[in-house]
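To start, the structure itself, in structure tokens.
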There are 4 protein chains.
Amino acid sequence: MPHLNGVGAKIWYIPDCFWPDITNGQHYVSHEAICVLNPGNKDAKIDLTFYFSDTQPLCGFTAECKAERTNHIRLDKIVNDQGRKIPQGVAYAAMVRSNQPIIVQYSRLDTTQAEIGLMTTMAFPVNS
Amino acid sequence: MPHLNGVGAKIWYIPDCFWPDITNGQHYVSHEAICVLNPGNKDAKIDLTFYFSDTQPLCGFTAECKAERTNHIRLDKIVNDQGRKIPQGVAYAAMVRSNQPIIVQYSRLDTTQAEIGLMTTMAFPVNS
Amino acid sequence: MPHLNGVGAKIWYIPDCFWPDITNGQHYVSHEAICVLNPGNKDAKIDLTFYFSDTQPLCGFTAECKAERTNHIRLDKIVNDQGRKIPQGVAYAAMVRSNQPIIVQYSRLDTTQAEIGLMTTMAFPVNS
Amino acid sequence: MPHLNGVGAKIWYIPDCFWPDITNGQHYVSHEAICVLNPGNKDAKIDLTFYFSDTQPLCGFTAECKAERTNHIRLDKIVNDQGRKIPQGVAYAAMVRSNQPIIVQYSRLDTTQAEIGLMTTMAFPVNS
């Protein structure tokens, strides 16, 4: 199995993020994940920026995805360099930046109403 | 965190829109959102056109997405310049146009049958 | 509202099609739709081909999407020129061909287990 | 119905894979599928590699998609050349490689909590 360098993009966007503030599931909590795959042979350093409707973007969130590994970054768990978390029940969007090319997919699982709603999409890559 | 100008596209299409005319959810109403992210440093003026199976397109809907902000445009709430809303229970499609490059994602939450159905996809960009 | 000619593609593919053979929903039947948007000013003639795991493709299905209209083609309802329908409970895939550029999105609603499952994605365009 | 050679890509990535280790559905088990469509006239030999967060990639999984056929590869059923299966309840990612151009879509059906969650997306193609 070869590693493929240069595959993917270094910047990806996700316009529709939302962390429900209610969880009624038996097995799952309502959560989102930004799922990163690094098919290359160099570890990727990642930073995340979150956009809101009426306040300044929130930055200072970092993650790593090692070479030939995946990292499903749970958005309900990450904390930035100032101890801040993503607010719940608020419409937001995300930018993912990496120092190595990666592939990014966004998924949400919503258990606000007990039974799950599930959605996913590839993020939007910026070709540079 | 830098702002990235010129990222995205100015025209996006969504073929599958549908606003259910039934809501049985405890927490959510059936609704759709066109989620816009403007990563650049200029405010984006947006207009929306809706296509139907057998009648003229419906236009005159406008929105804004400020620089480095997101706008999750609720399709059950927008009203055009003639006071018209999107009809419920009807198959339709959407075009999103912006005077600045943006990124667009479409999502639907359906509570017709109490428990939620959830779906999302990036809209289709027109590269110009 | 201008019409945009030449936007989209003339051939689109959808690898994951499946028409559940069970329906338990109160409001919805299990169904799939290939949703077409024609943003141009010429009517589009469309034909559909369906691929299976171990039998010859099934063709002879046609549809139309008029200029500046949308057609949400219900896959549980279409019949080909020999009176054949899509089989239920079988993994299949689809090709959509049009004589005009169109945009294509695929969605499935599954009520096999009463509450709905919902999924969507843009189809895969062939750039020619 | 013509066959179209050279359509699609030979390498595709899916960052967000997860095989739930619980199944409570009446009709469905929790499962994932990598759905392949081969529109060309040559049979495609496919191999699959799976990436994890902290262990070496798992390879040696093969599949076939004959000319003008589809193969909905069930990830809960495939076994590699060493008799290994995909682990359940673990975040992972996938690479799909083919010796012929194909189109790839990923879908998941989750019945952990009885009623289904359903999600899908086109995989990310590598253009070569």
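The values are calculated or read from the model by the stated rules, or taken from the named source; none is laboratory data. Just so we're clear, the structure is a prediction, and the values are computed from it rather than from any experiment. Don't worry about glycine lacking a Cβ; one is built from the backbone with ideal geometry, like all the others, and counts go over all protein chains shown. What goes into the accessible areas is simple: the full protein's heavy atoms, side chains included, and nothing from ligands, DNA or RNA. Shrake-Rupley method; radii C 1.70, N 1.55, O 1.52, S 1.80 Å.
Couple of notes before you dig in:
- A crude spin-label estimate for the pair C:THR55 and B:ASP54, with each label 7 Å from Cα along the Cβ direction, gives 3.3 nm.
- For D:VAL104, the shell of other residues with beta-carbons less than 12 Å away shows a net charge of +1, using +1 for Lys and Arg and -1 for Asp and Glu.
- For the residues of C:20-33, the average number of beta carbons from a partner chain within 10 Å of their own beta carbon is 2.
- The simple Förster model, with R0 at 60 Å and r as the Cβ-Cβ distance, assigns D:LYS66 and B:HIS27 a FRET efficiency of 0.80.
- For C:ASP43 and D:ASN41, a Förster radius of 45 Å and the Cβ-Cβ distance give a FRET efficiency of 0.90, rounded to the nearest 0.05.
- Take each residue of peptide B:82-93, count the partner chain Cβ atoms within 10 Å of its Cβ, and average: the result is 2.
- Neighbourhood charge, 12 Å Cβ-Cβ cut-off, centred on C:ASN5 and excluding it, Lys, Arg +1 and Asp, Glu -1: 0
- When each of the peptides C:42-49, C:88-95 is scored by the mean number of other C-beta atoms lying within 10 Å of its residues, the order from highest to lowest reads C:88-95, C:42-49.
- Minimum Cβ-to-axis distance in chain B for the rotation onto chain C, with residue, whole Å: B:GLU115, 3
- A dipole drawn for the protein assembly as shown from +1 and -1 charges on Cβ atoms has a positive end, and of A:ILE22, B:ASN5, C:ILE46 the residue lying farthest that way is B:ASN5.
- Using a probe of 1.4 Å, the accessible surface attributed to B:ARG97 totals some 60 Å² when neighbouring protein chains are kept in position.
- Take each residue of peptide B:105-111, count the partner chain Cβ atoms within 10 Å of its Cβ, and average: the result is 6.
- Selected from B:GLY117, B:SER98, B:PRO57, residue furthest toward positive end of dipole (chain B; charges at beta carbon): B:SER98
- Taking amide hydrogens as placed 1.01 Å from N in the peptide plane, the amide H of B:LEU75 sits under 5 Å from those of B:GLU32, B:ALA33, B:ILE34, each at least 5 positions away in sequence or on another chain.
- Taking a straight line from the alpha carbon of A:LYS66, these aspartates and glutamates sit under 13 Å away, with near neighbours fewer than eight places off in the same chain left out: A:ASP43, D:ASP54.
- Inter-copy label distances at C:VAL29, shortest first and taken from points set 7 Å along Cα to Cβ: 3.0, 3.0, 4.3 nm.
- Between chain C and chain D, the total buried accessible area stands at approximately 2800 Å², from heavy atoms with a 1.4 Å probe.
- Residues whose placed amide H lies under 5 Å from that of C:ALA44, excluding near-sequence neighbours: C:CYS65, C:LYS66, C:ALA67
- Shape call, the range C:12-92: gyration tensor on alpha carbons, a/c limit 1.5: oblate
- Split the accessible area of the range B:58-120 by element, probe 1.4 Å, and carbon with sulfur accounts for 44%.
- Total formal charge among the other residues, if their Cβ is under 9 angstrom from that of B:PHE18, Lys/Arg +1 and Asp/Glu -1: -2
- In the context of the full set of protein chains, residues of chain A present 37 Å² of accessible surface per residue (probe radius 1.4 Å, heavy atoms only).
- In order along the range A:13-22, phi translates into HN-Hα couplings of 10, 9, x, 10, 10, 6, 9, x, 8, 10 Hz, rounded to whole numbers, per the Karplus curve 6.51 cos²θ - 1.76 cosθ + 1.60 with θ = phi - 60° and x for Gly and Pro.
- Distances between copies of D:ASN127, taken at a point 7 Å out from Cα along the Cα→Cβ vector and listed shortest first: 0.3, 0.3, 0.4 nm.
- Aspartates and glutamates with Cα under 12 Å of D:LYS45, excluding same-chain neighbours fewer than 8 positions away: D:GLU64
- Separation of the A:LYS85 and D:ASN99 label points, Cα + 7 Å toward Cβ, nm: 5.2
- Label geometry 7 Å along the beta-carbon vector: C:ASP54 inter-copy distances in nm: 4.3, 4.3, 6.0
- Inter-centroid distance (Cα atoms) of the range C:65-124 relative to the range A:1-42, Å: 28
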